[in-house]
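I have a structure I would like to understand better, so I am pasting it below and will then ask my questions one at a time.
Computed from the coordinates by the stated procedures, all read-outs in this text should not be read as laboratory data. This structure is a prediction, so every number in the text was calculated from the model and none was measured. For neighbour counting, all protein chains shown are included, and Cβ atoms are generated from backbone atoms with ideal geometry for every residue, glycine included.
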């Protein structure tokens, strides 16, 4: 999006898309439907990143969330049994309190956001740097967290293998 | 309302949808999926802030990339625990995680 200005129509369509898919994730009875709804929600979030001029984050979102995480979750669904039964069995007893609580939090935070003033002037133009600027930031200023996060990924990989392994293979 | 407010309201609503999923659903895999929705909402807020606030320009996408990486690690570990629990209990219900009770 050249200029990075606000596009009300595109934003409204994508925002409605994200919210409808998000509500689908938490309300569908069939978990495969929830997973597909989640993939569409991630696609909408990638489109929001494009609207915000952050094309690098949009591409990473497509690769990691839509590509990898969705596949991992679908594998986990396939490895386990689908649950059948009445609709209320899919929600626990706390959901009577959870629904008003989350609605109240959403209303209060939205009211605060709409009525607040920002301490510094808010730009109307897009300020996200281009790919070169982001790469310079990532590999100069943030190179230590970048290396650290690769260690975290390695640890997570080993941990997942150890956890998901069968007990009798350990002997 | 300026443009940033709309993005922040969207992030708030998506976060609350995810929080409802975590609080109200019983299926462990669905709880992990709702957690992902919440992390996505936070990422939208980060990228929106860095796109419109001059002081933090450029830092939001970097931080969002780190959040995405940690989310990938979290989902692998979380699903490995869910699968290990399912193998022992034959259940995906959050209530079946009661081995440490008393």
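Please arrange A:21, A:41 by counting, for each residue, the other beta carbons lying within 10 Å of its beta carbon, fewest first. Present the calculation step by step, with values, prior to reporting the outcome.
On the way: A:21 23, A:41 28.
Starting with the residue having the fewest Cβ neighbours, the order is A:21, A:41.
Based on the alpha-carbon gyration tensor of the stretch B:3-91 and its eigenvalue square roots a ≥ b ≥ c, which shape applies: rounded if a/c is under 1.5, prolate if not and a/b is larger than b/c, or oblate? Let's see the in-between values first.
Numbers: a/c = 6.55, a/b = 1.99, b/c = 3.29.
Since a/c reaches 1.5 but b/c is at least a/b, the shape of the stretch B:3-91 is classed as oblate.
Which angle between 0 and 90 degrees, to the nearest 10, do you get for helix B:59-89 versus the longest principal axis of chain B when only C-alpha atoms count?
10 degrees
Also, quick follow-up: Which semi-axes, in whole Å and largest first, does the equivalent ellipsoid of the stretch A:130-171 have when worked out from the alpha carbon gyration tensor as the square roots of 5 times its eigenvalues?
Values: eigenvalues 267, 16, 4 Å².
Equivalent ellipsoid semi-axes, largest first: 37, 9, 4 Å.
What percentage of all Cα-Cα pairs in the protein assembly as shown are separated by more than 36 Å? Don't jump to the answer; show the numbers that get you there.
On the way: 6798 of 37128 pairs.
Tail of P(r) above 36 Å: 18 percent of Cα pairs.
Using only helices, what value at 222 nm comes out for the protein assembly as shown when you add -39,500 (n - 2.57) per DSSP H run of length 4 or more and divide by the total residues, to the nearest 500 deg cm²/dmol? Present the calculation step by step, with values, prior to reporting the outcome.
Numbers: 10 runs with 184 residues, N = 273.
Mean residue ellipticity, 222 nm, calculated: -23000 deg cm²/dmol.
Cut-off 10 angstrom, C-alpha nodes, Gaussian network model of chain A. Which of A:65, A:87, A:49 fluctuates the most?
A:87
Something else about it: Compute the long axis of helix B:28-52 from its Cα atoms, compare it with the longest principal axis of the Cα atoms of chain B, and write down the angle in degrees, 0 to 90, nearest 10.
Its long axis makes an angle of about 10 degrees.
Suppose each label sits 7 Å from its Cα in the direction of the beta carbon; what would the residue B:89-residue A:16 distance come out to in nanometres?
Those two pseudo-labels are separated by 4.1 nm.
Order these by the 10 Å Cβ neighbour count, fewest first: A:157, B:33, B:1. All intermediate terms of the calculation are to be shown ahead of the outcome.
Values: A:157 14, B:33 28, B:1 10.
Lowest to highest Cβ neighbour count: B:1, A:157, B:33.
I need A:139, A:90 ordered by Cβ neighbour count within 10 Å, fewest first. Let's see the in-between values first.
Numbers: A:139 10, A:90 19.
Result, fewest neighbours first: A:139, A:90.
Against the empirical 2.2 N^0.38 Å scaling, what ratio does the C-alpha Rg of the stretch A:11-135 come to?
Its radius of gyration relative to the 2.2 N^0.38 Å reference: 1.34.
Need one number: nm distance between label points at residue A:50 and residue A:117, each 7 Å from Cα along Cα→Cβ, rounded to one decimal.
A separation of 3.8 nm, rounded to one decimal place.
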